[in-house]
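S.K.: Starting off with a structure, shown below.
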Amino acid sequence: MYRLLCPNLAVDSLFEIDLDSLADQGIRGVIFDLDNTIIPWDSREMDAAIVAWLEDVLARGFKVAIVSNNWRGRVREIAARFGLPFFSRAYKPAKTGFRKALAELKLEPGETAVIGDQLFTDVLGGNRMGLLTIWVKPLTAHEFIGTRIHRRFERLAVRMLRARGLMK
Ligand SMILES: [Mg+2]
């Protein structure tokens, strides 16, 4: 059970992710979470540095999709800026949204990474699917009330993972 909550990689920011290393590991596609991963939860504005970083990901030839639990309108708006396929109201950690994204990108789980800020949705769902899971610190502490409750359990899970030596 705990292993399903353990990300393959944990980083403080997207910029720490070594894209060359991902490619070397056979990763050809990336599924992004939206809120607090590429855009603050309470904002409509993306950070210019993140926009540039995402453009670099695309320029390197990675196939990219967005899988979000948020509503269609918001997800579509951000996805449209980059011309990305998106899957909203995905109910992560359910597999459905990830499955749809893999089908759209024509990728297998083993050649796809998921990048997200929540253990109980992005990492748990990604691990269930057999994706490479990358956990990134949330962009802002401002969060949906339900997410704030999740965070308490997330901190507990991290303590348990660390106690078991599963996470640094
Ligand atoms: Mg998120």
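S.K.: Restricting to the stretch 46-89, and then to whatever is part of a loop (DSSP other than H, G, I, E, B) and closer than 26 Å to ILE145 by Cα, can you tell me which residue is least open to solvent (accessible area, probe 1.4 Å)?
M.R.: Among those residues, the one meeting the criterion is SER68.
Residue-by-condition table, conditions (1) within 19 Å of LEU4 (Cβ to Cβ); (2) over 11 Å from the mean Cα position of the chain (by Cα):
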position	(1), (2)
LEU124	yes, no
ASN127	yes, yes
GLY130	yes, yes
LEU139	no, yes
PHE144	no, yes
ARG151	yes, yes
VAL158	yes, yes
ALA163	yes, yes
MET167	yes, yes
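S.K.: Something else: Tell me, which residue of the stretch 90-108 that is crowded, with 18+ Cβ neighbours inside 10 Å and part of a helix (DSSP H, G or I) is farthest from the chain's Cα centre (by Cα)?
M.R.: LEU105
S.K.: Looking at the stretch 85-119 only, could you name the residues that are away from the ligand (no atom under 16 Å from the Cβ) and of a type outside the set (D, E, K, R)?
M.R.: The answer is PRO85, THR96, LEU102, ALA103, LEU105, LEU107, PRO109, GLY110, THR112.
Yes/no matrix, rows are residues, columns are (1) over 14 Å from the mean Cα position of the chain (by Cα); (2) more than 16 Å from GLY116 (Cα to Cα):
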{"site": "TYR2", "(1), (2)": "yes, yes"}
{"site": "LEU9", "(1), (2)": "no, no"}
{"site": "LEU22", "(1), (2)": "yes, no"}
{"site": "ASP33", "(1), (2)": "no, no"}
{"site": "ASP56", "(1), (2)": "yes, yes"}
{"site": "PHE62", "(1), (2)": "yes, yes"}
{"site": "ARG76", "(1), (2)": "yes, yes"}
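S.K.: Of everything in the stretch 121-146 that's out of contact with any Phe, Trp or Tyr (no Cβ under 9 Å at 6 or more places or on another chain), hydrophobic (A, V, I, L, M, F, W, C) and open to solvent by 30 Å² or more (accessible area, probe 1.4 Å), which residue is nearest to the ligand (Cβ to nearest atom)?
M.R.: The residue in question is TRP135.
S.K.: Restricting attention to the stretch 15-45, which residues are open to solvent by less than 90 Å² (accessible area, probe 1.4 Å), within 14 Å of the ligand (Cβ to nearest atom) and in contact with a strand residue (DSSP E or B) (Cβ under 6 Å, 6 or more places away or on another chain)?
M.R.: Once the filter is applied, which keeps residues that are open to solvent by less than 90 Å² (accessible area, probe 1.4 Å), within 14 Å of the ligand (Cβ to nearest atom) and in contact with a strand residue (DSSP E or B) (Cβ under 6 Å, 6 or more places away or on another chain), the stretch 15-45 yields ILE31, PHE32, ASP33, LEU34, THR37, ILE38.
The values are calculated or read from the model by the stated rules, or taken from the named source; none is laboratory data. For clarity, every value in this text was computed on a predicted model and none was experimentally measured. Because the Cβ atoms are built from the backbone with ideal geometry, glycine has one as well, and the counts that use them run over all protein chains shown. With ligands, DNA and RNA removed, areas are computed over all heavy atoms of the protein, side chains included. Shrake-Rupley method; radii C 1.70, N 1.55, O 1.52, S 1.80 Å.
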